[in-house]
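Quick notes on the structure that follows.
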Amino acid sequence: MAALLASARARAADYDNEGEEVKEDSDSDVSVSDNDDASHAPSRQGPKDSSRRAFDKAFKDTLSASDVILYILDARDPLGTRSRDVELAVTADPSKRLILILNKIDLVPARVLAGWLKHLRRSFPTLPLRAASAPATGAKTFDHKRLTAPATANALVKALKSYAAHKDFKRSIKVGIIGYPNVGKSSVVNALTSRLGGRNGACPVGAEAGVTTSTREVKLDGKIKLIDSPGIVFPTADPAASSKESKTEAQARLILLNALPPKEITDPVPAVTLLLRRLSATPELLEKLLAVYALPPLMTVGKDQTTDFLVQVARKRGRLGRGGVPNLHAAAQTVVGDWRDGRIQGWVEAPVLAVEKDGDAAAAAAAVAPTAGKDGAEPERMADQKVIVTEWAKEFKIEGLWGDEDVQPDEAAGGDVVMAT
């Protein structure tokens, strides 16, 4: 065990001390730059046309061509897949509209889903969506009753048609679909086309990032056209936190967001360390993780928790090298794959924002614009956020499509949580 621990630490040290030239190449894949023209930089999505500039252009083209933007977020970590810069880019044009789509809702329990819907609706109209009708093999899912794949897709189509009717468009509206790699953008397109009798599988999908490598347009019907864009790693909702990340931590975070294709993951061990740290904050989730591999409690006294966990996973799953020595890299790849496919449960709890009953202005502004910053530099925009939410919700008629009063933990969000395998 001492030898294994020393080996793991040596690999981590080598990883952190790579040459500057290698660091720059890698950073262009997994990080973002606040100095780019549009303040959002994409990650590499495949061997072809993988430059940051090409994918930055894809985002700009999608935004320019669209009347409505569907911003797809992962229900397990909405803020991790959300960018304030993207929202500012959309709202900078008064003619554009933005809807937040909380996808993969079947991977979180009812109370978590309800909490995030309530939180996100303080900023923009938000709809829950279960784009994939069937989970990955072995995935642990929650049954949210009325929030089924057909029902949520129909609700989104209804919202888009309501907007087209409200604006009295003489042409079909174009709906751009953006988001991180592997948040389910192409699955959203396929879910919407199948609801209107279109060809299911209009866009290729996959469990790993980088399946969509170019912008494509799909006709939903005579009134709606969808634009599916490549996944882009935008700045996070908390630039201050991301600026303090090391290269290893940044890549680990992207791995847990499923934003990197497996072939681009050079070292999955730090991602497992981050996953263990997050799940350890909730004892119930850590127990569920250990149950996936039928492991005993982890040893934490005088021993590295990640190494202990990966050694046990390697033995359980047969990830062994010569002489039966556990292969920690292979075991970490297994864990990352199980996380990506939903076999490992885990989620981030929605923030609870305290708003004083006497209508305190600062608290109210923070409630309606939680991503507007803490320095008070944009009070006018913070005040306008409530107007955006109210007016846009009317245009899309969101109130009748699982509004805050409709999605409750004991009703539409699935109070009776059902585990399925």
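No value in this document is a laboratory result; all are computed from the given coordinates. As the structure is a prediction and not an experimental result, all values here were calculated from the model. All Cβ positions, glycine included, derive from the backbone under ideal geometry; neighbour counts span all protein chains shown.
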Residues with amide H under 5 Å from that of Thr141, placed H, sequence gap 5 or more: Ala420
In nm, spacing of pseudo-spin labels at Lys394 and Glu349 (7 Å Cα→C-beta vector): 3.7 nm
Out-of-range pairs (alpha-carbon distance over 27 Å; input Lys118/Lys263; Lys145/Lys316; Lys140/Lys185; Lys185/Lys263): Lys118/Lys263; Lys145/Lys316
Exposure proxy order (Cβ contacts within 10 Å, fewest to most) of Asp304, Asp74, Asp143: Asp143, Asp304, Asp74
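If we count every other residue with Cβ under 10 angstrom of Pro135's Cβ, Lys/Arg +1 and Asp/Glu -1, where does the sum land?
The answer is +2.
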Residues Glu395, Glu284 arranged by fewest to most Cβ contacts within 10 Å: Glu284, Glu395
Order of Thr334, Thr137, Thr126 - criterion: other Cβ atoms within 10 Å of each residue's Cβ, fewest first: Thr137, Thr334, Thr126
Over region 250-358: Kirkwood hydrodynamic radius from C-alpha pairwise inverse distances, Å: 15.0 Å
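Net charge near Val313: determine it from the other residues with C-beta under 12 Å of the C-beta of Val313, scoring Lys and Arg +1 and Asp and Glu -1.
After counting each charged neighbour, the total is +2.
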